[in-house]
Amino acid sequence: MEITCNQRGTPVEDTGGTKRVLIVFAHPDRASFNGELLDVATHELESQGHTIEISDLYLQDFNPVATKCDISGNLNDKRICNQTDGGKHCYDEGEISPDIRSEMTKLEEADLVIFQFPMFWSSAPAILKGWFDRVLQDGFAFNFEKQQILDKGLMAGKTALLSVTTGGSRSMLSDTGVSGDVNVLLWPIQYGILRICGFNVLSPQLSHGLPFIGESTRSDYLSKWRGRLQHIWTEVPLSFPACSDYDPTTLTLTNDFIDKTKQSECSPSIGHHMNKPLPPPKCSYTSETSAKVKST
């Protein structure tokens, strides 16, 4: 029997007109299948009249390592800029290094951010993790002190989507597979980074088993990706607890929220499992699934 859960996500608002899309590309080879997925996204979204900006991290030779060089100017104490004791001060004072500032500007202008990358060791490549570390600064993307996180985060109103390729098959990345449930593996990025910063997070686009599939399956992946992008502006984001569902002092779920979820058969999210079954795995798209969209 299928378990249904209340959704707190809000459909991506399509107000019409030109939108700005940032694609953060984290693969060393543009001729790879990741590059083909990038090309499909670029061409499809441009054909809709939208403006595309690409951050090709390897081509840019983006430095993923946070160092004191992240801070420009003449600070006496050159603390590592993205750490909690120094990052917000650096951002407030406008002392961020030029490469970080450039990425921040792209992000500020974007309505939709697509992260295109291969899964390395059950996560994102180091160069992309470094992009998260250095670009999503306290005071720029979120502010814990002012509780500007989750739906109140400083990236609220923007939408993010992970497009991920894997070497393992779909079954290997299932809840009974050797690698574990891919939705659990992506939780630290989708919630712990993107949602914390305020993004509406769409379900991941997954292209499984690349070393073992033929051209027909690859073509099918590209076709389904193109088809999904045609309706991307009406998709329903993933469901997460809201900022108001947490106690402002302890930053733990409130008793009211816990009481409300007691009647549900499943947990409110993957990370907040509360000793219940996880939400049903309807939150990733492969060649075998189609996107859930808002009726029009």
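The values are calculated or read from the model by the stated rules, or taken from the named source; none is laboratory data. All of these numbers come straight from a predicted model, not from anything done at the bench. Counting neighbours? That spans all protein chains shown, and the Cβs are built from the backbone with ideal geometry, glycine included.
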What number of residues in the stretch 189-222 are in contact with a Leu (Cβ under 8 Å, 6 or more places away or on another chain), among the small types (Gly, Ala, Ser) and over 17 Å from ALA156 (Cβ atoms)? 2
Note on the stretch 131-169: residues part of a strand (DSSP E or B) and under 30 Å from SER32 (Cα atoms) are THR159, ALA160, LEU161, LEU162, SER163, VAL164, THR165
Enumeration of residues in the stretch 104-130 that are over 14 Å from LEU38 (Cβ atoms) and part of a helix (DSSP H, G or I): MET104, THR105, LYS106, LEU107, GLU108, GLU109, ALA126, ILE127, LYS129, GLY130
Starting from residues that are of a type outside the set (Phe, Trp, Tyr) and in contact with a strand residue (DSSP E or B) (Cβ under 6 Å, 6 or more places away or on another chain), keep the ones in the stretch 204-227 and report whichever is surrounded by the fewest Cβ atoms within 10 Å (Cβ to Cβ). LEU210
Name every residue in the stretch 262-296 that is surrounded by 19 or more Cβ atoms within 10 Å (Cβ to Cβ), modelled with pLDDT of 85 or more and of a type in the set (Ser, Thr, Tyr), in order of residue number. SER269
Would it be correct to say that VAL184 is β-branched (Val, Ile, Thr), surrounded by fewer than 19 Cβ atoms within 10 Å (Cβ to Cβ) and in contact with a strand residue (DSSP E or B) (Cβ under 9 Å, 6 or more places away or on another chain)? no
Quick one: count up the residues across the stretch 176-222 that are of a type in the set (S, T, N, Q), touching a residue at least 60 places away in the same chain (Cβ under 8 Å) and under 18 Å from THR165 (Cβ atoms). 5
Can you name the residue in the stretch 22-70 that is among the hydrophobic types (A, V, I, L, M, F, W, C), in contact (Cβ under 8 Å) with a residue 40 or more places away in the chain and in a loop (DSSP other than H, G, I, E, B) and is also surrounded by the most Cβ atoms within 10 Å (Cβ to Cβ) among such residues? ALA26
I'd like to check something: does the stretch 13-21 contain any residue that is in contact with a Lys or Arg (Cβ under 6 Å, 6 or more places away or on another chain), part of a strand (DSSP E or B) and modelled with pLDDT of 95 or more? no
Between a residue in the stretch 251-267 that is part of a helix (DSSP H, G or I) and any residue that is of a type in the set (D, E, K, R), which pairs come within a Cβ distance under 6 Å, given they are 6 or more apart or on different chains? PHE257/ASP245
